[in-house]
1. Using bins 5 angstrom wide from zero, how does P(r) for the range 274-342 break down, in % of all Cα pairs?
2. Enumerate by residue number the chymotrypsin sites (Phe, Trp or Tyr not before Pro) in the range 256-324 meeting two conditions: DSSP loop (anything except H, G, I, E, B), and at most 16 other Cβ atoms within 10 Å of the site's Cβ.
3. At a threshold of 8 angstrom on Cα-Cα distance, excluding pairs fewer than six apart, so keeping six or more, what relative contact order does the range 373-443 reach in percent?
4. Label-point separation (nm) for Asp178 and Lys143, each offset 7 Å from Cα along Cα-to-Cβ?
5. Can you tell me how much longer the chain between Leu609 and Asp121 gets when fully stretched, taken as 0.36 nm per residue apart minus their C-alpha distance, in nm with one decimal?
6. How long is the gain from Thr155 to Arg365 if the chain were fully straight, where each residue apart is worth 0.36 nm and the alpha carbon distance is subtracted?
7. Mind giving me the FRET efficiency for Asp301 and Arg567? R0 is 25 Å, r the Cβ-Cβ distance, nearest 0.05 is fine.
8. Using only the Cα atoms of the range 116-192, construct the convex hull and provide its projected area averaged over every direction, in square nanometres to one decimal.
Amino acid sequence: MNLFLQTLGRVAVVLTLSSVTPLVVRAQTAPATGDETKRYELGGITVSGARYLDTNTLIGLTGLRVGDPISIPGEEIGKAIRKLWDQGILGDVSVAITRIDGNRIFLDFNLKERPRLSSFDFEGISKGQADDLKNKIKLIRGKVVTDALLSNTKTQVRKFYTNKGFLDTKVNIVQVPDSSLSNSVVLKIKVDKGGKSKIREIAFEGNEAFKDSKLKGKFKKTKEKKFPKLLNSGKFQRSEFEDDKAKLIDFYNSEGYRDAIVVSDTLERVGDALKLKIRVDEGPKYYFRNITWAGNYLYDDKTLASVLGIKEGSVYSKETLDKRLNYNPTGQDITSLYMNDGYLFFSIDPVETKVEGDSIDIEMRITEGVQARIKEINIAGNTKTTDHVIRRELRTLPGDKFNRELLIRSQREISTLGYFDPEKVGMVPVPNQADGTVDINYTVVEKPSDQITLSGGWGGYAGFIGTVGLVFNNFSLRKAKDFRNWTPVPAGDGQRIALNVQANGLQYQAYSFSFTEPWLGGRKPNSFSFSLNRSINRLTYGSTFDIQNGAFIKSNTASISLGRRLRWPDDYFTLSNSLGVTQYETKDYQLFENFQNGKATNITLNTTLARNSIDNPTYTRRGSSLALSVSLTPPYSAIKGAHPNSNEWVEFHKWMFDASWFTPIVGKLVLNTRAHFGFIGTYNSSRQIGPFERFKLGGSGLAAGGSQNFAVGTEFIGLRGYADPNDANAIPTAQQFQNGGVVYNKYVMEMRYPVSLNPAATVYVLSFAEAGNAFNSYTNYNPYKLYRSAGVGARIFMSAFGLLGFDFGRAFDTVPRNSTNASSAQDRNQFHFIIGQQIR
């Protein structure tokens, strides 16, 4: 009875001594003697005071059943009350004997229910924070207000503010009766956030192998708030700190300290700031000793040891061991060695067989299994693109041996198509160990790939130039004959159609059309494309021009191209050949000295050898892109007497090399290094190099300065921090009507970091340093005389509009003045806007 009274201090047990006149008696404070105890049979149980709770359920919770023996006084009633009380839904419980019939006793449990939640609100915090808290604590109207509910609410609120750096948050919950509802309350949650606590110091104890600064650098989220670390928040969040502790241990493990542990961590108050003290036990540093192999039959020990690449005496590192066994991004690993030969069911288990002193022996226990062959290829998620467009890019075909390397390559090929979100291209092997086969399930998520261009720009001599363009990157010529497929255009077969119109009224107009079939015939990756271009530029005299009799230059171009994917040196290489014919017509147009009136024809054969192994065309993390291009015209000057008027036939040979490498640094941070070279010449040293296909550097590489430069196929090379071509400060220094350089070189280093990888709008920021120059003649060429610059920028790739971006560049070198604008001042700070393509 003592235990009963201690647990139920507020509960009265009502006993009656007769069936006529009930008498309320408080429970005795001392155990009853044997003479005072009487045994009854429980004849019935009733519940009173319950308004919302089910009476049968409550009776069941007591644990008492009709017909049970019961002692008065005794333990049975005390246990029943405790069971009801432990539910947390009652505010008071008492028991009365309603009647006694012979040896049968009847009991009534009188209950007082806890109030129910009507509503709740916060005091002392902003509306935005209150809304965030409502989503976290999830208080439901009508729920019983229990002690556990109140305690959990306080805990959630404190945790919310602790994660924001408010470690002294106080929470008080007041229950206010709701007059509109019976037995309901409104909870007033009063919050006092207190001051935000910042970590001023992180101190380590027990570390001998590494300095504090080294260990602090392994924390990604837990940082000190002190000068000069102005960008660090100094906020302490327990969950993030636990992740950082795991990273710290991973670091120790990678350096050979396999037994390292965090012994303790404490937060100390230092004024209004915090000091975080972390005690570590590094343990001894271990080294690899003997590595043996068991269960290997396909490859001998020497071969496996060579692939593993871990020598005796190397620092013991679980991270290194795991990479060399399972996935090594910089080279081959043991698992790839087997799985690239079909052994999908291969497994390897490194077991530490002996730890002696500071040395560890490991036995590699291998289960090779059998070679698996691909049974089925399944593709899901392509709602617009037809299956064959995806299947023709796969390196994994039914009947082939399973190959993990080719599986990853297939994923890369799908990603680079440009029709799907590259971050969501999935591949899942589904092994069928019973028959030694595997199904490959590819999943894709379509993204918009067609583009519309509506832009305007200031183009030097031509003034304001407007552009309208349409690009259908996933067109289907096959479906075009059925009008039901025009929604708005037939799509899904991977063909490309581009239309573009650029105009400045009647003064300048340009039209272009191109079509590309990436798989001519549908069986091999042999691409076919053709294009048509027409432009006309009329020279302005002052502010007017004469349409009928004024000076102009016209050009009409038709080209056809064939390309194919090579198998050697590897199948990242492509070779393309194109033939283009352009006819120029000029009238009183001072493009260059000997060609102001007349017609000229440019017949060019171009061959490009390229290798592209980038993983993602939108935001590239790794891989490279290399291209060597040669453009040749017939050597007219070598044919004696064939064409006495050399200006009628354009002659040149042009060589260009572009290289770009992408290297992941940390996480999503990527370093992009680029190099570009180009030169143009003639077959006859006595023949002057014409104005066609020259190089111009400066600006974004898009603001060409004069529309006549488009007509003669000028290569515009961006050089951020400097003015656009044809400006007084452009590169190279030019006399009036200069047509650009005959040789150029350029180098770029660029750091990129993504802000958003959403396929609808991929955004990344960048910083750059670059240098380049173009030269008017080979005698002036100096590869070390470069115009240097640095700056920052951003890129936004939107599926509907292509690439948009801006750069701010600071020029480091002075550009000699153009003689026609000698008084103009060079602006070393330049903003550049990019649309449609990236600065090369």
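What follows draws every value from the coordinates through simple rules; no lab data is involved. Note that the structure is predicted; figures quoted are calculated from it, not measured. Here the Cβ positions follow ideal geometry from the backbone for every residue, glycine too, while neighbour counts run over all protein chains shown.
1. The percentages, shortest bin first, are 3, 13, 22, 20, 14, 8, 6, 5, 4, 3, 1, 1.
2. Here the sparse-neighbourhood loop sites are Tyr297.
3. Computed over the range 373-443, the figure is 41 percent.
4. According to this spin-label approximation, the distance is 1.4 nm.
5. Fully extending the segment from Leu609 to Asp121 adds 168.8 nm.
6. Separation in residues times 0.36 nm, less the Cα-Cα distance, equals 70.7 nm.
7. Once the sixth-power term is evaluated, E becomes 0.15.
8. Mean shadow area of the hull around the Cα atoms is 4.8 nm².
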